[in-house]
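What follows is a single structure, written as structure tokens, with notes after it.
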Amino acid sequence: RSEPISMRPMENGAPAVPAEEEEADRAVRFGFLAGAASGQFGTGWGPSGAAFLDLTILRHDPFLSQRLTGEILLGYHSTKQDIDVTSALFGPRSDVELESDTLTIFAGLKYTIEEMEVVKPYLVLGPALYIQGVKLRNGFVVGQVPQAPELKGIHVPDAWFEPEMGFQIGGGAHLDVMRNLFLGVDGRYNFVGDANNDFGTISLDLGFRF
């Protein structure tokens, strides 16, 4: 004789689902992002990558009955650009390469719309810590050489290694490939206290549910 299917009671207006199915809907998700980032301090686009971990806070939120998760993301990107500077080190007017490397540590909220069976769009926002390193061509780092007026004009930091607090906002969509595997697209913008320092990222992602 077949066993009866146990049902969880309705929660915040959400339809009841079999307990076994809800148990299989794991609360932990992690994955990887790979794409491109727009440059800071006038640099061009460059490669970016990140790893993220999502932990479910509410399976059904009290307003729209969708999923609310907390997200921790660790990201990195590097951008370069040739610029003209006036410096005693490089000459009265020299073309030098400015390289900006940024480590992003984000901790915020992700709100996922799960009405559709396969495609699940989401929004993400929260504070982030940005740890930046700025270098000039020939191995010199900002802070080791006199700051050129052109670098000051785009607010390149006086120190080569400088942490900044900021805010990240973005969104994307996950495409369920298998029960515990999803692909997706992701776009985010980062406000780092100054328009010359802000940047965006566009990425593809691969994620897993547990």
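The values are calculated or read from the model by the stated rules, or taken from the named source; none is laboratory data. What you see is a predicted model; the values in this text were computed from it and never measured. Don't worry about glycine lacking a Cβ; one is built from the backbone with ideal geometry, like all the others, and counts go over all protein chains shown. Surface areas here come from the heavy atoms of the whole protein model, side chains and all, with no ligands, DNA or RNA. Shrake-Rupley method; radii C 1.70, N 1.55, O 1.52, S 1.80 Å.
Select from region 93-132 the residues that are open to solvent by 40 Å² or more (accessible area, probe 1.4 Å) and charged (D, E, K, R) and list them in ascending order.
Arg93, Asp95, Glu97, Glu115, Glu117
If I go through region 71-118 residue by residue, how many of them are β-branched (Val, Ile, Thr), at pLDDT below 95 and closer than 20 Å to Ala34 by Cα?
Residues that pass the stated criteria total 2.
Mind listing just one residue for me: the one in region 24-58 that is at pLDDT below 90 and closer than 21 Å to Leu175 by Cα and, of those, most open to solvent (accessible area, probe 1.4 Å)?
Arg26
Could we say that Asp198 is modelled with pLDDT of 95 or more and among the charged types (D, E, K, R) here?
It is false that Asp198 is modelled with pLDDT of 95 or more and among the charged types (D, E, K, R).
Between a residue in region 113-138 that is on the phi > 0 side of the Ramachandran plot and any residue that is surrounded by 17 or more Cβ atoms within 10 Å (Cβ to Cβ) and small (Gly, Ala, Ser), which pairs come within a Cβ distance under 8 Å, given they are 6 or more apart or on different chains?
Gly126/Gly108
Quickly run through region 175-197 and pick out the residues that are farther than 17 Å from Val124 by Cα and in contact (Cβ under 8 Å) with a residue 40 or more places away in the chain.
Asp176, Arg179, Asn180, Phe182, Asn196, Asn197, listed by residue number.
Among residues belonging to region 159-200 that are part of a strand (DSSP E or B) and charged (D, E, K, R), point out the one that is nearest to Tyr130 (Cα to Cα).
Selected residue: Glu164.
Tell me, yes or no, whether region 63-70 has at least one residue that is at pLDDT 75 or above and either in contact with a helix residue (DSSP H, G or I) (Cβ under 8 Å, 6 or more places away or on another chain) or acidic (Asp, Glu) (or both).
no
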